[in-house]
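Report on the structure given below.
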Amino acid sequence: MYKRMLVLRFPPEITDQPLVCSLSREYDLCFNILKATIFPGQEGLMVLEISGYKKQVQEGLRYLRSKGVAVKSIAQEIRRNNDICIQCGACTAMCPTKALYIDDESREVRFVPSECKGCELCVAVCPVRAMEIRFAKDKVLV
Amino acid sequence: MEKNVNALKNDRDIQMSHYQISKSLEEINEKIRSGKAVVVTAEEMIGIVRKQGEIRAAQEVDVVTTGTFSPMCSSGAFINFGHSVPGIKASQVWVNGVPAYAGLAAVDIYIGATEPRVDDPLNLKYPGEFLYGGGHVIQDLVAGKTVHLRAEAYGTHCYPRKALDKRVSLSDLPFAQLCNPRNAYQNYNCAVNVTDKTIYTYMGTLRPRMGNANYCTSGQLSPLFNDPYYQTIGVGTRIFLGGGTGYVVAAGTQHNPGVPRTERGLPKRPGGTLMVMGDLKHMSPRWLVGVSLLGYGCSLAVGLGVPIPILNEEIAFRTGVSDEEIVTQVVDYGKDYPRGQGRSLKEVTYAQLKTGMIRIGDKEVKTAPLSSYVRAREIAQILRDWISSGKFLLAQPQELLPSERIETRD
């Protein structure tokens, strides 16, 4: 199962077409609309999560683009799985925003999600793969 | 080797007479048995020695516990997987797809921590992720998970079977000993990269133009920094290993006591090492963790702690060591290290490294540890509690590790 979180912008001239419905019917994709402001004759905006086979997701996106929809991926969110983190600190070398840092007193490796810009540099350097990428759903809906 | 040991013994005999405090290991064990032993961690000992001096510290404290938790590549396990009917003389063995060395008796194998799975893409898709290897197999075993064991053989009269496929867990295995040829390195380089490209090393990912400096010991908590001349540690020393009990069985590979040392006798570069062993069945996945080093390979993070008996005030003094007194060398892993040059770009203390920033030339370089200080402290505390509660006695080493005493204390 392949999942993407997207922001779609519909130009005014195509807001009367059932494009998202076609994703489901033609490409066998599952969709979940998180936010939509679409009025006939005006530019439309939609935040959409789609899932399905990777190849079909890609084909579906190609279809949307061919119809003139601007497709953008949503920033993803990094989380730490504290059950497997071994508190080594290797991630702190890579973090550009100090969202990951070592507390001077306790020597604990701390993670402050609000400081994280989602660059993902920490994900692959973590020796136990404790840093996970998730969709930033709450950020999308603001 | 023997000569060094004898020299050290004589040296110590001469010094013995000058000690104001002198305790035997047996006396300390007697106190442990009766629940009266005073046991502190190496971190706690720093303040005690500073405040009260080494003589009073030696009077009061009986045992200092140390700890370290970090990737230690030279690790693995001897496993006997038991005979099947008909029997097999395995010539090739894989555990969860990770090749194990089978050039031992019929169903004995050694699985090494850095062996990747057979189908691992390695560095073909650069940098490789190395998500599963021998270290992960060991962690899965101690976590009680079932693993898939596959063996091939050419078949003999006594062991006719040519292939074996079975699922086993640690409790099914007749024998499983963690046996690590080199752990607990006494000091290690601080690694940087002076080239223009990111490099992927066993010291982690190193960003170009000295973008970061990675180091990897627990400093003042580290076992061999607290007994720099191996005056109490030797063959037979009982230790905390992987969450269970283990033993020092020899000096580790690359054990090199002859490196330059500070006035306090602390190696300025990688020095001594330990070869350790312990029953895997009593260990825990919290203290044996499979790790993946991006672009380098897989390994095993090992939790290890050594108790140091405070036999006299000299040992008390040595266990009072703090990060300000321990130094290491900053070495370039971009150009120098691959060419076998260990040229030091700068000497830094662990206290400096722990501030998160060091200065090399006119550049401020961000530092990061690969060794978990939080977990090292936890190991020292667990070992302290084991000894305080009387369930862990100290073992008399049968032979101390080879040592060279270059500078003596003034």
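Using only the alpha-carbon atoms, how far is helix A:54-66 inclined from the longest principal axis of chain A? Give it as 0 to 90 degrees, nearest 10.
50 degrees
What FRET efficiency comes out for B:Arg343 versus B:Glu364 if R0 is 22 angstrom and r is the Cβ-Cβ distance? Round to the nearest 0.05.
Values: r = 21 Å, r/R0 = 0.96.
That gives a FRET efficiency of 0.55.
Treat the count of other C-beta atoms within 10 Å as a stand-in for reagent exposure and order B:Thr319, A:Thr15, B:Thr349, B:Thr367 from fewest to most.
Working: B:Thr319 30, A:Thr15 15, B:Thr349 18, B:Thr367 23.
Ordered from fewest to most neighbouring Cβ atoms within 10 Å, B:Thr319, A:Thr15, B:Thr349, B:Thr367 come out as A:Thr15, B:Thr349, B:Thr367, B:Thr319.
Of A:Asp103, A:Asp28, A:Asp16, which has the largest mean-square fluctuation in a 10 Å C-alpha GNM of chain A?
Ranking A:Asp103, A:Asp28, A:Asp16 by mean-square fluctuation puts A:Asp103 first.
Tally the DSSP beta bridges in chain B and give the antiparallel ones as a percent, rounded to 5.
Working: 71 of 82 bridges.
Of the beta bridges lying entirely in chain B, close to 85 percent run antiparallel.
Restricting attention to segment B:79-168, which chymotrypsin sites (Phe, Trp or Tyr not before Pro) occupy a DSSP loop and are surrounded by at most 12 other Cβ atoms within 10 Å?
Numbers: sites: B:Phe81, B:Trp94, B:Tyr101, B:Tyr110, B:Phe130, B:Tyr132, B:Tyr154; in loops: B:Phe81, B:Phe130, B:Tyr132, B:Tyr154.
Here the sparse-neighbourhood loop sites are B:Tyr154.
Would you give the gap between the C-alpha center of segment B:44-91 and the C-alpha center of segment A:115-136, rounded to a whole Å?
The two parts, judged by their Cα centres, are 32 Å apart.
Would you list which lysines come within 27 Å of A:Lys35, measuring only between C-alpha atoms, while excluding same-chain residues fewer than 8 positions from it?
Straight-distance partners of A:Lys35: A:Lys3, A:Lys54, A:Lys55, A:Lys67, A:Lys72, A:Lys117, A:Lys137, A:Lys139.
Reachable lysines from B:Lys162, Cα under 19 Å, same-chain residues fewer than 8 places away excluded?
Partners found: B:Lys89.
Using Cβ counts within 10 Å as a stand-in for footprinting exposure, how do A:Ile74, A:Ile38 rank, fewest first?
Final ranking by Cβ density, sparse to dense: A:Ile38, A:Ile74.
Relative contact order, percent, of segment B:76-178 when contacts are C-alpha pairs under 8 Å separated by at least 6 residues? All intermediate terms of the calculation are to be shown ahead of the outcome.
Details: 222 pairs, mean separation 36.5, N = 103.
For segment B:76-178, the relative contact order is 35 percent.
Near the amide H of B:Ala301, under 5 Å away, which other amide H atoms are found, from residues 5 or more places off or on another chain, if H is placed in the peptide plane?
B:Met72, B:Val289, B:Gly290, B:Val291
Net charge within 13 Å of B:Asn29 by Cβ-Cβ distance, Lys/Arg positive one each and Asp/Glu negative one each, not counting B:Asn29 itself? Could you put the intermediate results ahead of the total?
Details: positive: B:Lys23, B:Lys31, B:Arg33, B:Lys36, B:Arg238, B:Lys391; negative: B:Glu26, B:Glu27, B:Glu30, B:Asp62.
The answer is +2.
Taking θ = phi - 60°, what integer Hz values does the Karplus form 6.51 cos²θ - 1.76 cosθ + 1.60 yield along segment B:221-232, in sequence order, with x for Gly and Pro?
9, 5, x, 7, 6, 8, 9, x, 9, 6, 7, 10
How do B:Glu364, A:Glu105, B:Glu27 line up, fewest other C-beta atoms within 10 Å first? Walk me through the numbers on the way to the answer.
Working: B:Glu364 10, A:Glu105 6, B:Glu27 14.
Exposure proxy ranking, most exposed first: A:Glu105, B:Glu364, B:Glu27.
Go ahead and estimate [θ] at 222 nm for chain A from helices alone: -39,500 (n - 2.57) per DSSP H run with n ≥ 4, summed, over the residue count, rounded to 500. Write down the numbers at each step before the final one.
Working: 4 runs with 32 residues, N = 142.
Value at 222 nm, helices only, nearest 500: -6000 deg cm²/dmol.
Using a/c under 1.5 as the rounded threshold, could you call the protein assembly as shown rounded, prolate or oblate? The axes a ≥ b ≥ c are square roots of the C-alpha gyration tensor eigenvalues, and prolate needs a/b larger than b/c, oblate otherwise.
Working: a/c = 2.41, a/b = 1.61, b/c = 1.50.
Prolate shape, in that a/c is at least 1.5 and a/b is the bigger ratio.
Among all the lysines, which ones have a C-alpha under 20 Å from B:Lys281's C-alpha, if same-chain residues fewer than 8 places away are not counted?
Filter leaves B:Lys145, B:Lys166, B:Lys391.
To the nearest 0.05, how large is the calculated FRET efficiency for A:Lys72 and B:His148 if R₀ is 45 Å and r is the Cβ-Cβ distance? Walk me through the numbers before you get to the answer.
Numbers: r = 43 Å, r/R0 = 0.96.
Approximately 0.55, to the nearest 0.05.
Using the per-residue mean of other Cβ atoms lying within 10 Å as a proxy for protection, in what order, highest first, do the peptides B:370-380, B:234-244 fall?
Top of the packing list down: B:370-380, B:234-244.
List the residues, sorted by chain then number, that are 5 or more residues from B:Ala395 or on another chain and whose placed amide H is less than 5 Å from its amide H.
Sorted by chain and number, the residues that satisfy this are B:Arg238.
Between A:Ser24 and B:Tyr19, what is the FRET efficiency for a Förster distance of 60 Å, r being their Cβ-Cβ separation, to the nearest 0.05? Spell out each step's value before the answer.
Values: r = 83 Å, r/R0 = 1.39.
FRET efficiency, A:Ser24 to B:Tyr19: 0.10.
Per DSSP H run of at least 4 residues, take -39500 (n - 2.57); add these up for chain B, divide by its residues and hand me the 222 nm value, nearest 500 deg cm²/dmol. Before the final figure, lay out each step's value.
Details: 8 runs with 84 residues, N = 410.
So the calculated ellipticity at 222 nm is -6000 deg cm²/dmol.
Once amide H atoms are built 1.01 Å from N in the peptide plane, which residues 5 or more positions from A:Gly44, or in another chain, come under 5 Å H to H?
A:Phe10
In sequence order, what are the phi-derived ³J(HN,Hα) couplings for segment B:246-261 according to the Karplus relation 6.51 cos²θ - 1.76 cosθ + 1.60 with θ = phi - 60°, rounded to whole Hz, with x for glycine and proline?
Rounded to whole hertz, the list is x, 9, 6, 10, 5, 5, x, 4, 6, 4, 9, x, x, 6, x, 10.
Any read-out appearing in this document is the output of simple, stated calculations on the displayed coordinates, not a laboratory observation. Quick caveat: nothing in here was measured; it's all calculated off a predicted structure. Counting neighbours? That spans all protein chains shown, and the Cβs are built from the backbone with ideal geometry, glycine included.
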